[in-house]
């Protein structure tokens, strides 16, 4: 027997028990009114008494007849098909009708057999109370919590309705299929039903849980699994599919989207899972699918107690505060009630826009806006001395691999010497914690940028716990939506009609969203003891080609037919795939499931500082070849990949052109 049948059978057994309890209560209650089924002087009773049938057998026989009739009506109304934890008004009406008709039937039978019918009327009330309460108990107890949550989160109670009023009415109605029959999907269903004027008609659910197949959830049938989507969409003439499965991996969402495209259905997704679970969801939360949804990395929850302990009431400085990572750091730190948030950045416009956003959403936040360059040692020291930050998040860096290949002196001055200035100021002015934003490109680097980040990691390691400061490096991969991300370029190329340029068919990268990266960065800062390189779990690497194809499809276009993909060959400094650990590094788990610690290398501080000083001199002299050679000495795993000769890519037939260098560079082995 499979699980759905076991579940179905158990529901019948529970109802049989409740029906018999109700009959016993009805009998005891009828005694209070002077009606005794077993002692009534009526012909039918007399016949049974003359047959010497004991009273208890007569009672059990009557209970058996009542049970058969009532269970029969429950079966007849398909009341073992719904999943009662998600039952709605439709199930309530069906249950009430089944109990009433069964009661009328029993009263009619009692009249026919000249038995006291009052007993069965009372029995009907008890059945309604016991069975109804049992089946709707979850909704009864959850409703108060949802109402309370909604009133706290949305006191005016109008945001969802106002947002819905902006949606166009559908004529003819739009048939909607909901993917996912869990809490999220039920939240979508309820909102669609609450606003019928918008013309969205829910047709059914699809869900991969075997126990849900063929049953009804909140009055809507589960029609099949995601593998049946194309067939169901064609059979039911579905116009739009809403994806409401927060636990599905990105590959599953891609599969659903491809089936929708094959059928020609529109597809949308519900992004704000927690809002729906708390009863705050509306159709306005349903939006177009974005690339971030295809990553679908599970949400990592910060340990708020631990994070608040080291940030609340503290003075926090963020370098690169106008950048994508830096500005998100400011947003999230602002929510943790710091004493002062210091925004340090070189670009006045980006700092200005970050400040406007903070003023709007955190008007009570104390802020200090600093326009400065981390390469300016005097300015860095002055600001650190003036504001005395307890925590420094160092997100300022040159990040574009291509530009750093052409200008290695800038990578040295900004990424290495700028970081060194901040580290020295942190030690001098007793900063409690210094958190460096590093990169997976620091592992076995093939680029100047990656080598420069590895040197900064070594600086962090050798300065660990000096003067009480905890120095921590946090290493992660590509961040979706950041300025250095490939996505903005792909979107621009799609908007122009293509082609979308991909360097190599097999190139892969690790991706995560900006909020997730920053959240884990803040959590790592709370966990590190000093001198560690913490790594974030980046999930599975994604092919850049798949990313480009997904973006084209999400734009409502078809690959090759509407938008072509052109292969250009790996650029200088670019790797075919990224790594998270060097050969000498092992990894140790931490108490946070998404954060790991790389085992430390032994760093000779005096030698490292001497080599950095030599790098500084080479940078001042704009000696690109000397800088690359010194990087190879500092980072033995660095294998420069800085220039290509013209050749033809055998896969794509596209020409790979040598990168135009402004300084003379050495042609080194291609990785």
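Just a few scattered comments:
- The numbered conditions (1) over 26 Å from residue 428 (Cα atoms); (2) touching a residue at least 60 places away in the same chain (Cβ under 8 Å) are all true for residue 384 except (1).
- Under the condition of being in contact with a helix residue (DSSP H, G or I) (Cβ under 8 Å, 6 or more places away or on another chain) and either in a helix (DSSP H, G or I) or crowded, with 16+ Cβ neighbours inside 10 Å (or both), the residues counted in region 386-406 number 13.
- Every residue from region 229-246 that is under 25 Å from the mean Cα position of the chain (by Cα) and surrounded by fewer than 22 Cβ atoms within 10 Å (Cβ to Cβ): 240, 246
- Some residue of region 445-456 being surrounded by fewer than 21 Cβ atoms within 10 Å (Cβ to Cβ) and in contact (Cβ under 8 Å) with a residue 60 or more places away in the chain: no
- Pick from region 640-649, criterion surrounded by 17 or more Cβ atoms within 10 Å (Cβ to Cβ) and within 39 Å of the chain's Cα centre (by Cα), ranking: modelled with the lowest pLDDT: 642
- Qualifying residue in region 359-378 (condition: at pLDDT 90 or above, part of a loop (DSSP other than H, G, I, E, B) and under 15 Å from residue 338 (Cα atoms)): yes
- Residue 370 on the phi < 0 side of the Ramachandran plot, in contact with a strand residue (DSSP E or B) (Cβ under 6 Å, 6 or more places away or on another chain) and buried (at least 23 other Cβ atoms within 10 Å of the Cβ): no
- Taking first residues from region 529-548 that are over 13 Å from residue 504 (Cα atoms) and outside the structural domain of residue 443 (by TED's automatic domain parsing) and partners that are surrounded by fewer than 18 Cβ atoms within 10 Å (Cβ to Cβ) and at pLDDT 75 or above, no Cβ contact under 7 Å between residues at least 6 apart in sequence or on separate chains turns up.
- Some residue of region 165-182 being under 25 Å from the mean Cα position of the chain (by Cα), closer than 30 Å to residue 99 by Cα and modelled with pLDDT of 80 or more: yes
- Any chance residue 356 is assigned by TED's automatic domain parsing to the domain that holds residue 627 and either in contact (Cβ under 8 Å) with a residue 12 or more places away in the chain or in contact with a strand residue (DSSP E or B) (Cβ under 8 Å, 6 or more places away or on another chain) (or both): no
- Residues of region 110-121 satisfying the condition of being more than 18 Å from residue 74 (Cα to Cα) and surrounded by fewer than 22 Cβ atoms within 10 Å (Cβ to Cβ): 110, 111, 112, 113, 114, 115, 116, 117, 118
- Number of residues in region 358-367 that are under 30 Å from the mean Cα position of the chain (by Cα) and surrounded by 14 or more Cβ atoms within 10 Å (Cβ to Cβ) equals 3.
The values are calculated or read from the model by the stated rules, or taken from the named source; none is laboratory data. For clarity, every value in this text was computed on a predicted model and none was experimentally measured. FYI the Cβ positions are ideal-geometry reconstructions off the backbone, even for glycines, and counts take in every protein chain you see.
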